[in-house]
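Reading through the structure tokens given below for one structure.
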Amino acid sequence: MTAATGTASVTSTTTTIERNPRMRALRDTWLIFRRSLVLTIRQPTWIIFGIMYPVLYLVLFGPLLDGAVRQAGAGVSAYNWFVPGLLIQVALFGSAFVGFGLIAELRYGVVERMRVTPMSRTAMLLGRSLRDVVLLMMQALIMIGLAIPFGLHIDAAGVAVTLGLLALIGLVMAPLSYAAGLALKSEDAFAPLVQGIVMPLLLLSGILLPMALAPDWLRFLSSINPLTHAVDAARALFNGDWGNSEIAIGVGLTAALAALAVWVASRAFSRANA
Amino acid sequence: MTGLTPIRNVMIQTTDLRRTFKSRKSTVEAVQGVDLNVAAGEIFGFLGPNGAGKTTTLRMLATLIKPTSGDATVAGADLRRQPQLVRQRIGYVPQGGSTDPAETGRGELVLQGRLYGMSGADAKVRASEVLAALDLEAAADRGTGTYSGGMRRRLDVGLGIVHRPQVLFLDEPTTGLDPQARARMWDEIRNLRALGTTVFLTTHYLEEADVLCDRLAIIDHGKIVAEGTSDQLKQKVAGDVVTIGVDGSGASVLTLVESMPFVREASHDADAGLIRLYVDRGETAIPHLLRSLDAAGLQPTSISLNKPSLDDVFLRQTGRSLREEAA
């Protein structure tokens, strides 16, 4: 067989390239989403730790807080204050560390292999991020279900909007985490960086204790933390307090940040890795 | 300068391709002006020590990093202006593996086919074909984490050829494989050539470059120092060495052989009783030598032929031995 005839037969590939880049991005996002989800579910460690962590908070910290609130004579269920914040915390931590998984994929050579294909670069990011959002939704639903017997009262529409808010938080943190993983390429550098960002965000958000207790300077810092507004929005939503302006502020701010994070991170995936 | 081969179908052509890496402290010119011509359907080898710029060149040609300057055409597409087209037409097998240990071989192949645009049904059919061709059917539905090194490397190659690329880039395809797995990989690469695929591989193994590759380029410190078939390189740079054992008649033998046109250079080692000749092609020189010596009434006590190795070529070009570099 001559080289020429061989090459001719090779060029007639069975592939049907999607010409429309937007369709291609959607299709590739679905492919990466499905693969990532299947591979995550195959790792039982995630299932165990992903569920155990919020449950521990609920069981080992919730009653303590409930007791404290009762003693203060506030007359409300501590869980309605605590669970929305806990959900936000789970969303924050659950998605801030997803870059770890990407660093592993970088090491396996999976990311490089995909970069050589004509697949959409945005899909590499969105497919993985949407997997993270879906896992986050599962965690949140399990937690809400478990918290009801403890004394959580829910407003169904409020919970639905809260889930949307959690998804947006996932779409802020997961893309940024992936971008950081791509840039750092090493777990040793990644873990301290993420801890260093997430811890202050958490402490300043009023998730653990009400910021009303804080001195003015701390309350000011808290007020410029976007996460504080998400937490306030989630609490208002759980109580069905639809007139609260924090709902629009929290959701709007988080949505804007999600758009920004997706844009920044998809640029990181598009850039040739120099 | 690069258009000297108009008859052959050129699959890869580069002109003054360069890549510089800048860090805070230093600037490294990893690739310093590479001109290459790879014909369709050949196995082209890129031989050089670690850090010579082989992988950097390969990664540029595979669209993974952008050249600092210079141009290239890969499978008929312009590397700078049409990287998507290049991606559609090439396959790339990285050095350090390309699979997730939790995913099955089949799962990886099906996904890869789909990322190249195949429908789900087509990708499944093609995955089965590739698994059969690479003898991975028995392990197809196991996680790749359970594969042996040789199996994993074959799967990596499979991922590179799922979409039937015109060119397959292989970065150090046999590094870390045992001799049996290496021989097997060579067979797979030859099979690909038989199917019309152009193969461009990097290696720091002399034997691999010598036995497997149709043509090769030797690269050192980011520059190509020699290019051609293995035989051409050895002839051009070193020539064959013929050693004649002489008993006392050394001076007459030396005079005789120095008068012969095909002898490039000759020397007499009187202590050892040996004459050393450098000739272009030892196997054709020896019968001539024997006849001439016989006609002159001179009786050599022994005659031997040593072929130069690619290492001799590398040694002549760079002053270092590749064998030592690789060790």
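Residue-wise test of (1) at pLDDT 75 or above; (2) within 14 Å of chain B (Cβ to nearest Cβ); (3) over 30 Å from residue B:41 (Cβ atoms); (4) in a helix (DSSP H, G or I).
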{"site": "A:7", "(1), (2), (3), (4)": "no, yes, no, yes"}
{"site": "A:26", "(1), (2), (3), (4)": "yes, yes, yes, yes"}
{"site": "A:30", "(1), (2), (3), (4)": "yes, yes, yes, yes"}
{"site": "A:38", "(1), (2), (3), (4)": "yes, yes, yes, yes"}
{"site": "A:45", "(1), (2), (3), (4)": "yes, yes, yes, yes"}
{"site": "A:55", "(1), (2), (3), (4)": "yes, no, yes, yes"}
{"site": "A:60", "(1), (2), (3), (4)": "yes, no, yes, yes"}
{"site": "A:67", "(1), (2), (3), (4)": "yes, no, yes, yes"}
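Under the condition of being away from chain A (no Cβ under 14 Å) and touching a residue at least 24 places away in the same chain (Cβ under 8 Å), the residues counted in the range B:38-56 number 9.
Would you point out the residue of the range A:246-272, among those that are among the hydrophobic types (A, V, I, L, M, F, W, C) and over 17 Å from the mean Cα position of the chain (by Cα), that is nearest to the other protein chains (Cβ to nearest Cβ)? Can you show your working first?
Applying the first criterion (among the hydrophobic types (A, V, I, L, M, F, W, C)) to the range A:246-272 yields A:247-249, A:251, A:253, A:255-265, A:268-269, A:272.
Next, from what is left, pick out any that are over 17 Å from the mean Cα position of the chain (by Cα): A:247-249, A:268-269, A:272.
Details: A:247: 40, A:248: 40, A:249: 41, A:268: 15, A:269: 13, A:272: 5 Å.
Taking the candidates together, the pick is A:272.
Taken together, the criteria place residue B:283 among residues that are under 26 Å from residue B:218 (Cβ atoms), in contact with a strand residue (DSSP E or B) (Cβ under 9 Å, 6 or more places away or on another chain), outside the structural domain of residue B:46 (by TED's automatic domain parsing) and assigned to a helix (DSSP H, G or I).
Here is the figure for the range B:77-86: residues that are over 16 Å from residue B:57 (Cα atoms) and surrounded by 19 or more Cβ atoms within 10 Å (Cβ to Cβ) total 1. In the range B:251-260, is there at least one residue being surrounded by fewer than 19 Cβ atoms within 10 Å (Cβ to Cβ), touching a Leu at 6+ places or on another chain (Cβ under 9 Å) and closer than 30 Å to residue B:187 by Cβ? The answer is no; no qualifying residue exists. Taking only the range B:297-327 into account, find how many residues are farther than 30 Å from residue B:45 by Cβ and either assigned by TED's automatic domain parsing to the domain that holds residue B:210 or surrounded by 13 or more Cβ atoms within 10 Å (Cβ to Cβ) (or both). Qualifying residue count for the region: 3.
Selection of first residues in the range A:196-207 that are free of Cβ contacts under 8 Å to residues at least 60 places away in the same chain and of second residues that are assigned to a helix (DSSP H, G or I), restricted to Cβ pairs under 8 Å at least 6 apart or on distinct chains, gives the following pairs, ordered by first then second residue: A:204/A:218; A:204/A:221; A:204/A:222; A:204/A:227; A:204/A:228.
The values are calculated or read from the model by the stated rules, or taken from the named source; none is laboratory data. In this text the structure is predicted, and so the values were computed from the model without any measurement. As a convention, Cβ positions derive from the backbone with ideal geometry for all residues, glycine included, and neighbour counts pool all protein chains shown.
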